[in-house]
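Here's a structure for you.
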Amino acid sequence: MIPRLIWTLLANRRNPGWRACLATIRRVRALPPVAFEAWQREQLADYLAWAGETLPYWREHIRPGTRLADLPILSRRDVQAHAVALRDPTRPVEQLIEDASGGSTGEPVRVWHDRAYELWVHATEVHVMETWGLRPWCRMAIVWGSDRDLATLGRRERWVTRLHDRHIFNAFRMGDEDLARFAEAFARIQPVYVQGYATALDVFASYLLEQGTRGGFGIRAIRSSAEVLSAPARVRIEEAFGAPVYDYYGSRESACLAAQCSEGGFHVLGHGRVIELVDDDGEPVPPGVEGRVLVTDFTNRAFGLIRYETGDVATWAEPGPCACGMPYPRLETIRGRTSDFITTPAGERIHGEWFTHLFYGRAGVVRFQVRQTARETLLVHTVGAADASDLADVLQAIRERMGAEVDVRWERVERIDDTVSGKRRFTVSDVPYVPGSA
């Protein structure tokens, strides 16, 4: 009773109005597919009309009756070049919430959200937890990039985190001693719900399996996000923690894109977003065929993310009802963000997201990549106007983290090639993490 009361009081104070969003989500997720599609078309038409009237970038493209498929694809470079024209000019920028992507594809971008968007995100998080049989006030362990997130928390936010019974474990520091402390803390805390980077959860799970530890933490559900969850990693994580793993797809630019339900269906969270999968010519792809992911977020009226290309590739599942009963369309696979761990000479494994966080909001960097060619050699390549003096603090932070033995070399380049499969990788290690290794 007390955790529920505390969570409710804090949620209502921090996100007043979220209950109305959740009520809408509960109503929409119970609709028959035909009714859901009609509701979503109505929401999308209203959003496009607003964007065409309000946002300078979209005024020349959107007219009455314009369909989503008629609009040009919005690339990351478009967002970089036209950020101001994509932002709502009718509201002072001080009233908006600025966010920056470190660039899961190595191309950082800045976007803005508003309070309404934040309410929808909060309500969607509650909705997803409900589909997993969880209460939002349950005890939670978060294996995340706390170098960035905790550093920005003030005293009040830290107090709120403790009251929420949230326990954060630093995914950017995962040596064997750190993992031993994680295991001790999990045994003491007994979290009901765990969420984290896919590779970080896999590292922790592999350590537990190596130590002969399986289950015993009382976990009911695990959320894997920010990266692609491989089938072998899923098996290791579920074996080590004794609980089902649910994949969750989102980004800094637009959170809460898709989530697995308790039946395994990977549902687009269609009460707030539209996802399109298109081929190289911009045409829709059928189920089973890989396509480029385009996102339209109709909950954000601070910034016009319409047909925004995330840089990820995904496939649709075969059409048909899901056993969970929700009407949302389903993805089959996402071949998206993959962060390699970078390994120091001392054997410490550094999560790839640590490097991307150094580039959040970094002016003059259009794209970047960090590549480890040997334990003692790290290459940092950037595309854009930033020079060595602009990146001095970034390079210094990397050198300090990697250790004096590592030769960290920076070079400004004209381009960074994608992989043969078309995937853009922002960290690449030729000294990859091997489960159970030091």
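The values are calculated or read from the model by the stated rules, or taken from the named source; none is laboratory data. Source: prediction; values computed, not measured. Positions of Cβ are generated from backbone atoms using ideal geometry, with glycine treated the same way; all protein chains shown enter the neighbour counts.
Would a scan of the stretch 59-72 turn up a residue that is touching a strand residue (DSSP E or B) at 6+ places or on another chain (Cβ under 8 Å), surrounded by 12 or more Cβ atoms within 10 Å (Cβ to Cβ) and within 17 Å of Asp114 (Cα to Cα)?
Checking the stretch 59-72: not a single residue is touching a strand residue (DSSP E or B) at 6+ places or on another chain (Cβ under 8 Å), surrounded by 12 or more Cβ atoms within 10 Å (Cβ to Cβ) and within 17 Å of Asp114 (Cα to Cα).
Take the residues in the stretch 209-246 that are modelled with pLDDT of 90 or more and acidic (Asp, Glu), then tell me which one is nearest to Leu257 (Cα to Cα).
So, considering only residues that are modelled with pLDDT of 90 or more and acidic (Asp, Glu), the one nearest to Leu257 (Cα to Cα) is Glu238.
Per-residue answers, yes or no, for (1) farther than 30 Å from Thr131 by Cβ; (2) modelled with pLDDT of 95 or more; (3) outside the structural domain of Val289 (by TED's automatic domain parsing); (4) not in a loop (DSSP other than H, G, I, E, B):
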| site | (1), (2), (3), (4) |
| --- | --- |
| Gly325 | no, yes, no, no |
| Arg337 | no, no, yes, no |
| Arg362 | yes, no, yes, no |
| Val365 | yes, no, yes, no |
| Leu378 | yes, yes, yes, yes |
| His381 | yes, yes, yes, yes |
| Val394 | yes, yes, yes, yes |
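Restricted to the stretch 245-282, and to residues that are surrounded by fewer than 17 Cβ atoms within 10 Å (Cβ to Cβ) and touching a Lys or Arg at 6+ places or on another chain (Cβ under 9 Å), which residue is farthest from Glu42 (Cα to Cα)?
Asp280
Right, here's the next one. Taking the conditions exactly as written (more than 25 Å from Met326 (Cα to Cα), in a helix (DSSP H, G or I) and basic (Lys, Arg)), does Arg27 satisfy them or not?
Considered against the rule, which asks whether it is more than 25 Å from Met326 (Cα to Cα), in a helix (DSSP H, G or I) and basic (Lys, Arg), Arg27 comes out as no.
Okay, next question. Filter the stretch 245-283 down to residues that are touching a residue at least 12 places away in the same chain (Cβ under 8 Å) and either touching a His at 6+ places or on another chain (Cβ under 7 Å) or more than 28 Å from Thr24 (Cα to Cα) (or both), then give me how many there are.
The total comes to 7.
Okay, next question. Looking at Asp387, is it surrounded by fewer than 17 Cβ atoms within 10 Å (Cβ to Cβ) and either in a loop (DSSP other than H, G, I, E, B) or not charged (D, E, K, R) (or both)?
Considered against the rule, which asks whether it is surrounded by fewer than 17 Cβ atoms within 10 Å (Cβ to Cβ) and either in a loop (DSSP other than H, G, I, E, B) or not charged (D, E, K, R) (or both), Asp387 comes out as yes.
Let me ask something else. Could you list, in sequence order, all residues of the stretch 247-264 that are modelled with pLDDT of 95 or more, assigned to a loop (DSSP other than H, G, I, E, B) and aliphatic (A, V, I, L, M)?
Listed by number, the list holds a single entry, Leu257.
Restricting attention to the stretch 338-357, does a residue exist that is within 28 Å of Thr24 (Cβ to Cβ), surrounded by fewer than 23 Cβ atoms within 10 Å (Cβ to Cβ) and not small (Gly, Ala, Ser)?
Looking for residues that are within 28 Å of Thr24 (Cβ to Cβ), surrounded by fewer than 23 Cβ atoms within 10 Å (Cβ to Cβ) and not small (Gly, Ala, Ser), one finds none in the stretch 338-357, hence no.
Further question: How many of the residues in the stretch 265-292 are outside any loop (DSSP other than H, G, I, E, B), under 17 Å from Glu318 (Cα atoms) and at pLDDT 95 or above?
8
Sort out which residues of the stretch 396-418 are over 23 Å from Arg173 (Cα atoms) and either acidic (Asp, Glu) or outside any strand (DSSP E or B) (or both), and write them in order of number.
Glu411, Val413, Glu414, Arg415, Ile416, Asp417, Asp418, listed by residue number.
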